[in-house]
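This report concerns only the one structure given below.
We did not get these values from a lab; they are worked out from the coordinates using the rules stated. All figures in this text were calculated on a predicted structure; none of them were measured in a lab. Cβ atoms come from the backbone with ideal geometry, glycine included; neighbour counts cover every protein chain shown.
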Amino acid sequence: MSQDYVGLIQDLQSQLEILQRLIASQVEPSSSLAKDWLRSHREIQAFFQSKIINTNLEVMPPNLSLQVEIDKQLKMLGVDLSMLQTARNPDTWQKRHQQASDRFVLLKKYCQMHSNLT
């Protein structure tokens, strides 16, 4: 596996960690912040699609499986953030906030698994 690929996965992980910190620090409902988070999420997803998935980099089968899982979790994170943005009830907002936080933990694990395969 190339160093470029590992570097791209590390960049992805860094971007996710920044967004995770922004979301974790906000404990009160805020649809305007959730809108910003969703925009950042779209940028991260576009980075993943254009720089990692749709490239000519040589990727081994275990990494392909991880890519599929990361892609799926990124899509689900987008759904979580959309629902977070529209949540009006504080209890619902907290639940969605926790779901997004849990998803970041899973995404981080998948990114770290890439590094362990090298």
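How many residues are part of a helix (DSSP H, G or I), under 13 Å from Q85 (Cα atoms) and free of Cβ contacts under 8 Å to residues at least 12 places away in the same chain when one looks only at the range 12-35?
2
Please find, within the range 60-74, the residue that is surrounded by the most Cβ atoms within 10 Å (Cβ to Cβ) out of those that are touching a residue at least 24 places away in the same chain (Cβ under 8 Å) and in a helix (DSSP H, G or I).
I70
Looking at L57 and the list (1) under 28 Å from Y5 (Cα atoms); (2) part of a helix (DSSP H, G or I), which single condition is not satisfied?
Of (1) under 28 Å from Y5 (Cα atoms); (2) part of a helix (DSSP H, G or I), only one is false for L57: (2).
Listed here are the residues, each with its yes/no results for (1) under 17 Å from L117 (Cα atoms); (2) under 12 Å from the mean Cα position of the chain (by Cα).
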residue	(1), (2)
E17	no, yes
D36	no, no
I52	yes, no
T55	no, no
L64	yes, no
K75	no, yes
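Are any residues in the range 44-54 touching a Leu at 6+ places or on another chain (Cβ under 9 Å) and either assigned to a loop (DSSP other than H, G, I, E, B) or of a type outside the set (S, T, N, Q) (or both), and if so, which ones?
I44, F47, F48, K51, I52
Which one of these is part of a helix (DSSP H, G or I) and in contact with a Gly (Cβ under 6 Å, 6 or more places away or on another chain): H114, H41?
Within the list H114, H41, the selection yields H41.
Any residue at all in the range 82-89 that's buried (at least 16 other Cβ atoms within 10 Å of the Cβ), without any contact (Cβ under 8 Å) to a residue 40 or more places away in the chain and farther than 16 Å from V27 by Cβ?
Yes, some residue in the range 82-89 is buried (at least 16 other Cβ atoms within 10 Å of the Cβ), without any contact (Cβ under 8 Å) to a residue 40 or more places away in the chain and farther than 16 Å from V27 by Cβ.
Got a sec? Which of L106, L77 is in a helix (DSSP H, G or I), touching a His at 6+ places or on another chain (Cβ under 7 Å) and free of Cβ contacts under 8 Å to residues at least 40 places away in the same chain?
Among L106, L77, only L77 is in a helix (DSSP H, G or I), touching a His at 6+ places or on another chain (Cβ under 7 Å) and free of Cβ contacts under 8 Å to residues at least 40 places away in the same chain.
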